Amino acid sequence: MTINFEQVHNFFEPVVFEAVAAKASVYPAFSADMLADVACVALNRLPARYLRHDVDMMFYLTESERSAIDDSLEEALNFAFTFVGERAASHPGT
């Protein structure tokens, strides 16, 4: 039997990547490497939510669970941008 794992992914990865890209213009001093670091820091603050189809997760969530996910995402992104920005400021040129 062949098992296809290609559809399995963390729900938050594309969500975080899109959010970081959307917020990048607010942080013009952030390099592409810094934005990748922001994505990593944000993802590490969010729970892993592995699934095969995004619609499966969204279908089974209540409105309050969706709101909690949005709040968690925003908090993780705010923390990540601040964290990476502060680290870059305290370690210029690295």
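Some observations on this one:
- Scanning the stretch 16-29 for residues that are closer than 25 Å to P47 by Cβ and either modelled with pLDDT under 95 or among the small types (G, A, S) (or both) turns up A19, A21, A22, A24.
- Qualifying residue in the stretch 66-78 (condition: surrounded by 15 or more Cβ atoms within 10 Å (Cβ to Cβ), at pLDDT below 95 and not aromatic (F, W, Y)): yes
- Restricting the search to helices (runs of 4 or more DSSP H) fully inside the chain and requiring at least 3 residues that are touching a strand residue (DSSP E or B) at 6+ places or on another chain (Cβ under 8 Å) and without any contact (Cβ under 8 Å) to a residue 24 or more places away in the chain gives an empty result.
- Of T62, T82, all but one fail to be surrounded by 11 or more Cβ atoms within 10 Å (Cβ to Cβ) and among the β-branched types (V, I, T); the exception is T82.
- Test: D37 is under 30 Å from H91 (Cα atoms), of a type in the set (D, E, K, R) and touching a helix residue (DSSP H, G or I) at 6+ places or on another chain (Cβ under 6 Å): yes
The values are calculated or read from the model by the stated rules, or taken from the named source; none is laboratory data. Everything numeric in this text was worked out from a predicted model, so none of it was measured. Note: ideal-geometry Cβ built from the backbone for every residue, glycine included; neighbour counts use all protein chains shown.
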